[in-house]
1. Return the whole-Å distance between the Cα centroid of the range 352-413 and the Cα centroid of the range 77-122.
2. Check each of the GluC sites (Glu not before Pro) in the range 326-408 and keep only those in coil by DSSP with at most 16 other C-beta atoms within 10 angstrom; list them in order.
3. Between A265 and T303, what's the calculated FRET efficiency when r is the beta-carbon distance and R0 is 22 Å? Round to 0.05.
4. Please give the Cα centre distance for the range 249-307 versus the range 311-330, rounded to the nearest Å.
5. Mind running the shape call on the range 249-336? Use the C-alpha gyration tensor, a ≥ b ≥ c as the square roots of the eigenvalues: rounded below 1.5 for a/c, prolate if a/b tops b/c, oblate otherwise.
6. By how many nm would the segment from E467 to T248 lengthen if fully extended, with 0.36 nm per residue of separation less the alpha-carbon distance?
7. May I ask which residue of L447, T468, T414 lies farthest towards the positive end of the charge dipole of the chain, with charges of +1 (Lys, Arg) and -1 (Asp, Glu) on Cβ and the Cα centre as origin?
8. Name the residue farthest towards the positive end of the dipole of the chain from the options T234, W541, G291, assuming +1 on Cβ of Lys and Arg, -1 on Cβ of Asp and Glu, about the Cα centre.
Amino acid sequence: MALFITALLSLSVAMVGVGGATPATTPSSVHSVIQCHDWGESGDGAVRVMEGEACWLLCPLFSHPTVYNYSSVQAAGLNLVWYHVAAGQDLEQPIDFHHPDQRLSKEREKLWLQPTTMQDAGQYICMLRNRTSCAKIAVRLEVLPSGQDPNCEVKAAVPPTPVIAPIQEGRTLTCPDLEDIKLPNTSHSVTWYHECNAFGNFNIDRVFKGDKLVIHVMLEHYQGLYHCVVTYETKGRAIKFTRVVNVTAVSSSGLPKQPNILNPAKEQLYPVKQGSEVTLICRVSLPYLEGPRETWWTIDGKTVDQLADPRISFTSRVVLNYFGDWTVENVLRIQDFSSEDLTREYNCSGRNGRDVATRRAVLEEEVYLPSVELGCGLGVTLFLMLVLFVVYHIFWLELLLLYRSWFGTDERCTDDKEYDIYISYARNSEEEQFVLLTLRRVLENELGYTVCIFDRDSLPGGTITDETLTFVGRSRRVLVVLSPGYGLQGTQALLELKAGLDSMAWGGHLRVILVQYKPLRRGGWVRELRRARVALALVRWQGDKSSDLSSRFWKRLRVELPVRRIKD
């Protein structure tokens, strides 16, 4: 652009200094050859227009009126000439302004197309020349087809014009480029659309005032794209052009606009650890104001760029945008944090057009806690506890028997009982066989207990009742083999059971062990068992499954019997 302005200045000197300079060419050559400065295509980008709408092209040579303007052009005798290079062609064609359709016209530094067709696309070259100087520059025109968008009633080719409207405040919208129409004695009309839908006066908040749309009270749902379609008449034709205004709601101007440091809070400490990467996070609230807004970190009064330390980096991003009010997060990262870094001063700052806010981040060295070791130790402890719980749940009988064998007291050393076990059972062939061939054999031969069985150990001629009470009193345990026929009234078995229960009731050292040989039927004696159930132990015989000495039946029974070690 500086080169372009320099060329314009040189061209102006050539215009005003024609009489004082000697041309390098003869008069005859002036009319034949003029060296023209070609500045290529304008760097402002292409001009876009919808097919069928009005368009005007401003010659880029006049983009700096303080250096070069249309009045100086006329005073210097320079002519403005327009050429057209159609799309896909290289040949420059002078524009015929006397064509019968009168669509193209020239007004000062502007070229008008009223209306525009698809054939008008391409390059337009504006040239300023006189007898001694010449300059030209091109501008590109893109023509978009006029087919309507099915999702929108109106379509525009030009970029939207941004408009900021504070919430709960007023704003007046003017159709862009409306002032460029210079048509005396010609009326025009403006139709407004919001989000592609045409509307009249919706309510008291938005009303028309002439060509303008007045928003008395800006609300959130009034945001968006507003299209304005200008229609006017020229040369017997109705011409129109469309412009777009993008309205964005921002926070009210009456709210506080000073920046505010949200994080770190006052008296907040950042724990850091030497040798690791330290991350300091700062959040800054920057209310909306026109003009630049920025945030930064400083270390000992210097920015990250000024420090140029490869260990230190800084990032910033907007984490919240609420009606133009920003919440910005600044992240300062320091790799391989050292003891020297701990002594530095770290400040987070934010600034907008109203004020500057700064807050210091206070660092505190983190005390090392052996979290890994503690976690591993706790995990191992919990695992061992779980293993012990599972082992005890599965092998509690074996563990209890092992404990009794090591620490249990032999009752033979503490009492004067003669028998370890008195077996009570119903007198029938099936139970007698179970008692004599299974219980007695295992208890006496395998486990080493002294067993009393009334039918075997009583003397002839004695009284049954007295002998039964004597045997029960001289035993440490009464083992009752329960079956459906056990509790029949008046039987020897029932007498033995009552003797055992009476001995327990009167505070004796006798304990009653119930072995359920077969499922029971309810009887009157069951109530007595229930009254004494706190002191009773019940072990169930499960047939062949309980026959082996290592079965659960024998282990459970040994727990209730006096302490004995199994002979090897």
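1. 89
2. Those satisfying the criteria are E345, E366.
3. Efficiency, from the Cβ-Cβ distance: 0.40.
4. First find each Cα centre; the distance between them is then 8 Å.
5. Note, shape of the range 249-336 comes out prolate.
6. Gain in length upon complete extension: 67.8 nm.
7. My answer, from the dipole projection, is T468.
8. Projecting each Cα onto the dipole axis, the largest value belongs to W541.
Every number in this text was worked out from the coordinates using simple rules, so none of it is lab data. What you see is a predicted model, and the numbers here were worked out from it, not measured in a lab. Quick reminder, even Gly has a Cβ in these numbers, built from the backbone with ideal geometry, and neighbours come from all protein chains shown.
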